[in-house]
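Throughout, read-outs are computed from the coordinates displayed, never taken from laboratory work. No experiment lies behind these values; they were computed from the predicted model shown. Glycine also receives a Cβ, built like all others from the backbone with ideal geometry; neighbour counts cover every protein chain displayed.
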Amino acid sequence: MALSQSALLEILDAIKEADVADRVRESAATIYQALIEAELTSVIGAEPHERTGARTAQRNGHRPRTLSTTAGDLDLRIPKLRTGSFFPSLLERRRRVDQALYAVVMEAYLHGVSTRKVDDLVKALGVDTGISRSEVSRICADLDEEVAAFRGRSLKEEAYPYVFLDATYCKARVNRRVVSQAVVVATAVRADGNREVLGFDVGDSEDGAFWTAFLRSLRARGLHGVQLVISDAHEGLKAAIGAVFAGAAWQRCRVHFLRNVLTRVPKGNAEMVAAAIRTIFAQPDAQHVHSQLDMIATMLGRQFPTVETMLTQAKADLLAFTTFPVAHWKKIWSTNPLERVNKEIKRRTDVVGVFPNPQALLRLAGAVLVEIHDEWAVTDRRYLSEASMKTITPTAIDKEVAPTAQLTA
């Protein structure tokens, strides 16, 4: 509906009298209101005070509605009808924030900005009424659809020879109590050498049942071609890997193992023990790696029998990487790449502190992981070279590979 000449002149006079900062807001409010009235005219088939045979309803005043935009708060009037109801398609029910400001709020939330600072940001953009914590949560609830789509995507198109598994803990409110919730994450290296975030979930603990259900969900989505699974030695996780990825090798994270060892030696000897164990991983080939572990275990065993026992018992799991190309060793003998992912999750979630429920934690952690996945997808650098991956990738990627080393109990 075009505005009449007199209406345009009235708008011009109002804009002239307004401060420069208010002119954009006044103009936006006028345009929004004109579009709302035009849509109502189309719906009921008549202009204000117009009598036609096609009229389907009559106007019955207006009700106020504030719309927060990057131009400021717009005071709009939503027409009411004597019979029936009308709500303009330009607006959204139960949302007073326009799409531009909506995007700003969501982006700030995902980058770890607290809800209080989001409110300050919104006010700085000209929305005098600000935005409440509950409204920020409602806006970000729309992330659920995106996160759910990512978590449910098919994994059938590619083989994933290397899979990394780990978890981090955050606080959430469950049954009116604040409890720790495990955020479990799976990443992988594809057959072409690029990395992906395979999936993630939130649960009460890292027990075997939870890990098993999580890994089975990955298999159900088509995860295949797994040759090596890298993780720490959590008993529940080990059992789940053995059950779901039977035939794949298991690499015990060397970093987690070293931490476990150092808890068994006096602090004054920790540096010496750590340096000795690191020499195992500095060898040029598999034969020397195995012989070095035996030598270090014997040497340390003279003073620390427990360390010798730990090294001997963990040998097969700790050195599973040696059956793979030497060029891959540094990238597959620990979960360090996934540790960096967990740190980013913690950096974003620590701003929130305590989540109102596990679903809110899954939403934010999931959005962070989707963002990381997208960054990996557009990088020019592969995690492992495509040429080196061809030496371990089966020709038929829809087949499970023969085991290179058995998962030990």
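Given R0 = 45 Å, the distance between the Cβ atoms of V43 and D144 translates into a calculated FRET efficiency of 0.90.
For the peptides 338-346, 312-320, the ranking by mean Cβ contacts within 10 Å, running from highest to lowest, is 312-320, 338-346. Cross-linked pairs K156/K315; K156/K346; K156/K331; K330/K390; K343/K390: Cα-Cα separations exceed 28 Å for K156/K315; K156/K346; K343/K390. Protection proxy ranking, highest mean first, for peptides 32-44, 197-209: 197-209, 32-44, where packing is the per-residue count of other beta-carbon atoms within 10 Å, averaged. Under 5 Å between amide hydrogens, built in the peptide plane, is the criterion, and for H62 it picks out K80 among residues at least 5 positions away or on other chains.
Amide H contacts for R252 (H built 1.01 Å from N in the peptide plane; partners 5 or more residues away or on another chain; cut-off under 5 Å): L318, A320.
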